[in-house]
Each structure stands twice: as C-alpha cells, then as structure tokens.
Amino acid sequence: MLLLTRASKRAIRSEVNAVETVKRKFTAAELQQYKKRSMFGEVWRNYKKSPSAMIGLVVLVIIIVVAIVAQFIYDYDTDIVQQNIKERFQTPSAEHPFGTDQYGRDVLTRVLYGAKYSLAVGIVSVAISCVLGSSLGLIAGYYGGFTENLILRVCEVFAGIPSVLLGIAIMSAFGQSIVVLMFAIGLVYVPMFARTARAAVLPVRDQEYIEAARVSGVGDLKIIFGHVLPNAMSPIIVQVTMGVANGILTASSLSFLGLGVPVPAPEWGAMLSGGREFIRDYGYLTLFPGLAIMITVLVFNLMGDGLRDALDPKLKQ
Amino acid sequence: MSEKAIEKQKDLILDVKNLNVRFETDDGIVRAVNGLDLEIERGHAIGLVGETGAGKTTTALALLRLVPDPPGVVECEKLELDGRDVLGMGIKELEKVRGKDISMIFQDPMTALNPVFTVGDQIAESIFLHEDVSYVEAQKRAVAMLELVGIPGERAGEYPHQFSGGMKQRVVIAIALACHPQLLIADEPTTALDVTIQAQVLDLMKNLRQQYQTSLIMITHDLGIVAEICDEVAVMYAGNIVEKGTLEDVFNRTKHPYTEGLFNSLPNIRDRKAMLTPIKGLMPDPTSLPEGCPFSPRCPYAGEDCTAPQVVRNISATHFVRCCAYDRPGFHIERKER
Amino acid sequence: MFRYIIKRILMMIPVLLGVSFVVYYLMDLAPGDIIAQMAPQDATPEQIEMMREELGMNGSVFERYFRYLGKLVQGDLGTSLSQKRPVMELFLERFPVTVELAFGSILVAILISVPLGIAAATHHRTWLDGTSMVTAMLGVSMPSFWLGLLLIMLFALKLGWLPSGGREGFAALILPALTLGANQAGSLTRITRSSMLDVIRQDYLRTARAKGVSEKQVIRKHALKNALIPIITVFGSTLGGAFGGAIMIETVFSWPGVGRLTVRAINDRDMTLATGCIIMFTMFMTLTILLVDIAYAFVDPRIKARYSK
C-alpha cells in the first residue's frame, strides 16, 4: 500500500513535469510511461473510494502476511502433520481456538499454515492462464481469420468441459501434486482469458493508428505488445482478480474430492474433506477451513469489483 | 380591480405558484427550478423556451409530480390543475390524473416506448387505465387512435423497433392523447426528428389540439415552433421564467435582456454575411447560482441593483418581465433591427 | 431461424470431437493399466498383449481414440471394470438424475435471485441494496460443497427436517438444489440487479408513469419484462454452471447422478467408466444448453428477427 501511494505521488509529479516540458519533444516510450503512470494514479484514486474494495485489499494483505509468517513460526513436520492421538477431537477452547482434528492436530495452526496453498495455487495458476490465455486471445484478435477461428474453437473445447471435470481429468493424467494442480487450474481458465483479451482487441484491431504502425513497418509483436495489449489491460486485470477467486474455489473443490493437494498437507479443501466424516459430532472441523476459503475468495472478488469500477468509472451506477 | 379579482375571472387550466425543484446529489445541490409561477388559461398553448439546462423538462415533470425522488425534492406553494389541488393528491388520485387530465410527450421517441410491448398495447394501456372499458374495447380504441395519428391500424400488433423515428413519435402522441387530456405537455417533441418529419409531427399536433380543445405547454428551444403553434411564450432561464407574454408581447415588444439575446443570436437570413451574435458566457452552474438575477453575469445591462432578489414587473395585463433594470429611469433594451 | 439452428449444430460438432479427444487423451495418460488390472496374476507378457488386442487397447493413442470414437457413435463406451456393466447404460441411468438436480437448482436460483435483484435495484443505495449485494457476493464466494455441509449440519443433523443425502422423495432434493441454487443465485442476483438498474433509468418507464400506470405495475409489468432479457440470455451458461456444480454437490449429498459416478470411478481407478462419463456428460450438457438457447431464440421476437435477416 505504501508502494502504491508513492506511485501515485510519482504520477502527480510526472504530470507536473510533463506540463513544464511541453515544448520538449517526447519519445514514444516516455509518452507511454507518462500515460501509464497517470492512469495508474487515476485508478488508485477511484479504487480508494470503494470501502468494500479497500477492505478486500487490507484483508488480502493480512492473509498474505499470515501465510508468510506461518511458514516461519510453525514446523511442517511437528506442528502441521504430526499426529497426536491423545488430543484428538478437542472442541474449540482457549488452547485450541479452532479445536483439534481426528489426529489431534491443532486446526487453527493448520488453517493458518494452509493459507499458502490456496494463495499459491490461485495466483500461480492464474498467472499461467493469464499469460497463455491473453497471448492466445491477442493473437486471435490481432490476426483474425483462420488463426482466430482455430484458437476460438480450441478454447471452446476446453471451456465446454465443466471445470471440475477437466480438473479431474488432468489430475488423474499427471498425478496428484501441487504443481500439477497449478497447471490443471491454469489450463481450465485459459479460455476465459483468451476470450477477454480477444474481445478487448477486436475494437482496436481496425483502428487507424494500428494500421499506421503496420504500414510504417513496425513488427507484429511490437504492435501487439505496444499498441494492442494496453487496450486490453483493464478487462484482463479484472479477470485476473476474479480468476484467482475462481481458481482457489476450483482448487479446493479438487482437493475436497481427493484429487488436489495430497494429504496430509493442510490444504483447506482437503481439511474439509477430512472433517466431513465427522460432521455429525465435530462440525467445527468443516466450519473453519470452509470459512477460510470463503474469506480468501471473497477478498479477491471484492477487489475485482473495486478494480472494475475503478478502471471504468463510466460503468459505475 | 384587485389582483385576486382578475384571477377569478380567468378560466385557468393550470395554476402554479412558487415551484422549486432541487436535486440533492453527491456533487452538491442542483437548483433546477427556482420559484417558478405559471398560469395557463383553458385552451391556450404556451411555449416554454430556453436553453438546455434551463429547467424546462424538470418543470414539466414537476407538474406531473414525476420528478424522481431521490434525488429530486419538489417544493411548491400551489399546484392546481383545472381547479383541483394536485399537491394534496394521494398517489392513487395522481395516477388517475396522469394520462387522463394531463399527459406528456417526451423528447426522444426512440427510447420513450417500451421495446417489449406492441404499440397497440401501449396505447390501449392508457385507455384501459382511465376509461371504463374492457381491454378488447381499449385495444379497438387504440387502433382508432393509431389511425388518427396517421399510422395504419393493422400495425398495432407490431413492436416499437419495427417503426421509424417519426412513426414512433406519432405513437407517443397517440398514447398522450388517447384519453383526451385537458393539458398536454410536449417536451421538445420534434428535436430528435428529421426536419421534414418535424413539420409533419407539428402539423399533427396542431390539428389534434384544435380538435380536442387541449391546452398545451410546448417545451422547445426553437422560436420558430413557438411562433407557429403557441399563443403565449414563457422564456425560462436558470430555473425561472424571466419573461412571459403573448406572442406579440415577447416577439415584438421584447423586454428581458435574455430574450433579446435569444433573438439576436438567431441567424439573419437577409444578411447572411453578418456575424452571429451569441449570448456571451454560459448558463450558470445550477449548484451555485449567482445572487439576484441569474442572468446578470452575462447581461450587457447589468448593474449593481441586479444582485438584489428579482421581482416580477407587469408591462401590460398579459406581459411580465423579471428584470430590475426597468426601475432605472428611461431603461430600454436595444434589440437589433432586422 | 432454421439456418441458425443448423449452424449452431454444425459448429458444435468439432467442439464435441475436440472434447472427446482431449478427455480420452488425458485419461489415457492416467496411470493404472486396465489390462494389467484385468489380467490374471500369472499372465505372460504375450497373453497380456493378446488381451490388449482383443479389447482394442493396442496401437497409438490416436488409433485407440478413433476406435473408441467409432464405438461411441454406435453407443458403446465399453464396460465398467468396477461395476461390471456397460458404461453407456450406467451413464444413461444417472444422467436424468443429474438433470433433475441441475434444473431444481436453477429453479431455486431464479426464485432467490430475481426478487432479490429487483428489490436491490428498486431500492438502490439503501440498506436493502447493500444487504442483497453482500449476500450475493457471499453466495459467489462460498465453496458450494462447504455450504452443502453446513446445510446438512443444520437441517439434517441438528433440526432433522430434511435427509442429509440420497434421493428418497422430494425432500431429498431440497438441500442439494438449495446448495447448488445458492451458488448460481449469487451471480444471477448481480445480473438481475444491474439489468434492472439499467432498465429503471429508461425513458419508457417515465412514459408509463406519465400514462398513470401505478408504480407497482411500472416495475412488475414494464420494467421486469425488459430486465429479464439478459437473465434469459445467460440461462444457457447458468445451466452450464449448474451442471458443473452438480458434480461437487452430488458428492456431498450422495446424490446418485453422473458426478458422483465419475468421482467414484476415478477413486476406483475405473478409467473406462470415468472417460465415458466425462465425455458423455460434456456432450449432453452442451446439447442441453444448445436446446435452451434455441428455445429462447424462439421466444424473444428480437432475437428471432436478428437471425432471420
């Protein structure tokens, strides 16, 4: 957050500089940078206006801090997975605020430690699908014709299979591990990004400045990344936050089915699955991991909403 | 004769006293209408003229009590329609008045019709609501109404997207006149239409008005339309009427500097080389109106007295102006000769 | 209109072929050789190879896929190893059960989201709007299987009002449909609200009010019909979401549909059954969505007009 305010200050300063040096000729890169910074400041100003979006951001920072700190204060072997049958099924108390599970492990500790799985899977998988999907979408939108058709059809194939089923298929093909899970979910959301990026490119594709760049011999790649991509940024950014939310949900679903992060790792979906057997007598075992999933997903959804409004104030109201 | 006695003699269809409308938004309070008085005699047609943002449409909506609330707040001393107090009416009574005694034609026919109902149904709805008839009968009358505005009756079963702009405006007029209202408010009914279609629609309105003896408020910024259709003119500026009189009064014996500015800014067809003389400056920000006369910052005759609250001055029995400059001895405006 | 339907069906075929290939290929990669599982312990490599040939499991993955596809067209998906029955038979038995849950949940979703979305829009920026949006946001963010477990805890275990699983009578449908429906309702409420907010600002509502239509009728008759159009438009994808979500919900509630069958097949390493289920499920789902799309194109005059041009 500190970083952001500093950036917005920089944006203001750069605006001032720009005014002072109007007469100097700008290079294209400088102009681009100026535009980017001022846009960033503007978005941040709009974003700050939404209390729910700010709550989302603050809670996300807290979750990230917790996930990192938990790695240092807990030992995986002794605190997280070691069984302690004597203390099994202790209902929430001062000593164990979330109780203990069927193996006598402290649920709170496991929930806190487990934050890293959901965050890592959500973020890495979305990074994968964002890079892959957006590139495909940009290429499809920019080149059009057969390339576009082919990419769209392939995306349709992957979007046609329900995400959990596609996840199941990939997980059973490549075996159960956190890396495979990241790739599986990354793949599941590729079509979403491809479509978003393509839709954003379409209105730009035939603009005259693109034509002008092409005529003056600028390479395709340079045009795509220099001129087309910036136009697709806003919807992609929103899609990223929403995608993390969906990715976390899908990952926990797969873990719940026993196909995600392998036990005994304290992934929240897997914890839910483990607690499910004891739902009749020890409901708290399912309550807390689920709550953790919901809060994390909620945070990303809130931020996504806030970002969408901030990036396109016209859409608001 | 006292003023009260004169009023009693008039047969007023609409009597509005001290109408105020403001919108309370996040960006401040927008004062759209400020202390407006308006009297309309039965059978008369009055043109409400002014720039965009002068509060014409808001005034019209306030007469129907349709100003959206929130953010709109309407305050009014007196609002009588045909001698009935509209202010004191409950919502049920109001619904009986809207569309029956007073109805409105909206500016943009493209968006004024509901896309998912047939035009016949949209006309019939009004008849069915206000007249004691069956729905089948209402639909029959809707078809007749459609033919009256020059659309073949068999098109009653079609949807708005199947009609052109001019045709849609005819449908809107048919809806407004379906129950033969006593007062019709037409809010720039021809602005969104092509010039040739404009003339047709105006003719239609003129004829129908004469046929049904409807009183009319014609909201427009087109002085030509006013000259063609109206008996009286009221010029609005920043939420109030600054000058009101008969066509003769306002067009030929112009008194208010703003009205003068309006006429001066018209292109002169006899001397096309002449420069246009627009009114300098812009309409004041309705969130922070200047004190006293809102036109004073743009007024070439403005003096220190203009910051005082403005009162209405009678020029003649029919002609009023809201300008304090007439207290100055020998004041007159210098309307350009054409 | 007819051309539109034909076009949609033709466009669907390559997608379905792609789906079947992708799924077949992935499941083929899965460890757990079916032959090795079936063969007797003391079988020689030659015997295993013979069995492979007999079952059509020899050759490259492409060869095997095309053989599979040829049989699929004839309605043969092989035999389930764990259940000892034809996969197609098992699938067709279970699919209607999933459809029942999917449509039940959509009914729930619409019953929740349409009134909630409209109330939120007509009371824009009030506590009602805020509460509805928070509820919708929670609905979208909640893992459906967790909500299912919570509902089981409350209504089945604590209050004992409803069964916690199975498919005995109408009561058994309530909790699964509610769980899945709540998930769908989240996004539908948001769509309804924004669509209604958009409609509320339209001039034609002012026309209706100026006609003397009561406020209630303005909303119920004039606004609602317009606001529902985007909701009908997303019905297809909502249905897709319901089918996809059903897989999880079936597992939570032991609802004997395709989802539960698939998950069990995976757990039993019964790849023939799992492959068949995933392919058929996706195909049937795509077809159902197509049917819905075509049906609503018939209903909405404007969409009909667009395609007949």
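For the pair B:K280 and B:Q162, a Förster radius of 56 Å applied to the C-beta separation gives a FRET efficiency near 0.75, rounded to the nearest 0.05.
Note on the stretch C:190-243 and the stretch A:100-164: Cα centroid distance 34 Å, given to the nearest whole angstrom. What FRET efficiency would be calculated for the residue pair C:R220, C:A171, taking the C-beta separation as r and a Förster radius of 41 Å, to the nearest 0.05? About 0.80, to the nearest 0.05. Judged by the mean number of other Cβ atoms found within 10 Å, the most tightly packed of the peptides A:253-264, B:76-87, C:148-159 leads the ranking A:253-264, C:148-159, B:76-87. Between B:Y326 and B:K96, the contour length at 0.36 nm per residue exceeds the Cα-Cα span by 78.4 nm.
Mind jotting down a quarter of the surface of the convex hull over the alpha carbons of the stretch A:169-298, in square nanometres, one decimal? In nm², the orientation-averaged hull projection of the stretch A:169-298 is 10.0. When B:K255, C:K84, C:K225, B:K140 are arranged by Cβ crowding within 10 Å, least crowded first, meaning fewest neighbours, the order is C:K84, C:K225, B:K140, B:K255.
Taking label points 7 Å from Cα along the Cα-to-Cβ direction, B:T307 and C:T233 give a separation of 5.5 nm.
Legend: Rg and Dmax of the stretch A:149-193, from Cα coordinates, 10.7, 34 Å. Among C:D28, C:D76, C:D203, the largest mean-square fluctuation in a Gaussian network model of chain C, built with springs joining Cα atoms closer than 10 Å, belongs to C:D203.
Once R0 is set to 41 Å, what does the formula 1/(1 + (r/R0)^6) return for the Cβ-Cβ distance between C:E63 and A:Q102, expressed as a FRET efficiency to the nearest 0.05? That pair, C:E63 with A:Q102, gives E of 0.30.
Counting every other Cβ atom within 10 Å of each residue's Cβ, A:S125, C:S20 order from fewest to most as C:S20, A:S125. The average projected area of the stretch B:231-338, computed from the convex hull of its Cα atoms over all directions, is 7.4 nm². Legend: mean number of C-beta atoms from other chains within 10 angstrom of residue C-beta atoms, peptide C:195-207, equals 4.
Applying the Kirkwood pairwise sum to the alpha-carbon positions of the protein assembly as shown produces a hydrodynamic radius of 33.4 angstrom.
Rounded, prolate or oblate for the stretch A:55-147? Axes are the square roots of the Cα gyration tensor eigenvalues, ordered a ≥ b ≥ c, and the cut-off for rounded is a/c under 1.5. Judged from the Cα gyration tensor, the stretch A:55-147 comes out prolate (a/c at least 1.5, a/b above b/c). With the alpha-carbon atoms of the stretch B:2-230 aligned to their principal axes, the span from lowest to highest coordinate is 54, 39, 36 Å, starting with the largest. Using just its DSSP H runs of length 4 or more, each adding -39500 (n - 2.57), the protein assembly as shown gives a mean residue ellipticity at 222 nm of -19000 deg cm²/dmol after division by all residues.
For the pair the stretch B:252-282 / the stretch B:13-52, the C-alpha centres are spaced 24 Å from each other.
Among A:E148, A:E211, A:E42, the largest mean-square fluctuation in a Gaussian network model of chain A, built with springs joining Cα atoms closer than 10 Å, belongs to A:E211. Between B:A317 and C:K71, the modelled label-to-label distance comes to 10.5 nm, taking each label 7 Å out from Cα in the direction of the beta carbon. Counting only other chain Cβ atoms within 10 Å of each residue's Cβ, the peptide A:270-277 averages 2. Along the stretch B:62-71 the Karplus relation, 6.51 cos²θ - 1.76 cosθ + 1.60 evaluated at θ = phi - 60°, assigns HN-Hα couplings of 5, 5, 8, 6, 10, 5, x, 10, x, x Hz to successive residues, with x for each Gly and Pro.
The overall shape of the stretch B:21-86 is oblate: from the C-alpha gyration tensor, with semi-axes ordered a ≥ b ≥ c, the ratio a/c is 1.5 or greater and a/b is no larger than b/c. Taking θ as phi - 60° and the Karplus parameters 6.51, -1.76 and 1.60, the scalar couplings of the stretch C:172-183 work out to 5, 7, 4, 5, x, 5, 5, 4, 5, x, 4, 4 Hz in sequence order, x denoting glycine and proline.
Computed from label points 7 Å out along Cα-Cβ, the spacing between C:L157 and A:L291 is 1.5 nm.
Among B:232-242, A:217-227, sorting by the average number of other beta carbon atoms lying within 10 angstrom of each residue, highest first, gives B:232-242, A:217-227.
Could you sort B:12-19, B:268-275, A:274-281, C:250-257 so that the peptide with the highest average Cβ count within 10 Å comes first and the rest follow in order?
Working: B:12-19: 19.8, B:268-275: 8.4, A:274-281: 16.1, C:250-257: 23.6.
Result, highest mean first: C:250-257, B:12-19, A:274-281, B:268-275.
Computed log10 I(q)/I(0) for the stretch C:159-216 at 0.21, 0.22, 0.31 Å⁻¹: -0.83, -0.87, -1.12, from the Debye equation with unit scatterers placed on every C-alpha and solvent omitted. Residue by residue, the stretch A:280-292 carries 3J(HN,Hα) couplings of 5, 9, 10, x, 4, 5, 8, 5, 6, x, x, 4, 4 Hz when phi is fed to the Karplus relation 6.51 cos²θ - 1.76 cosθ + 1.60 (θ = phi - 60°); x denotes Gly or Pro.
Cross-linked pairs B:K56/C:K216; A:K48/C:K225; B:K56/B:K255; A:K116/A:K222; B:K100/B:K206; B:K56/B:K100: Cα-Cα separations exceed 25 Å for B:K56/C:K216; A:K48/C:K225; A:K116/A:K222.
The Cα atoms of chain A define a convex hull whose projected area, averaged across directions, is 20.3 nm².
Counts of other chain beta carbons within 10 angstrom of each beta carbon in peptide C:283-290 average 1.
Hey, fewest Cβ within 10 Å first, where do B:L262, C:L175 land in order?
So the residues, fewest neighbours to most, are B:L262, C:L175.
Computed from the coordinates by the stated procedures, all read-outs in this text should not be read as laboratory data. Bear in mind the structure is a predicted one, so any value in this text is a computation, not a measurement. Don't worry about glycine lacking a Cβ; one is built from the backbone with ideal geometry, like all the others, and counts go over all protein chains shown.
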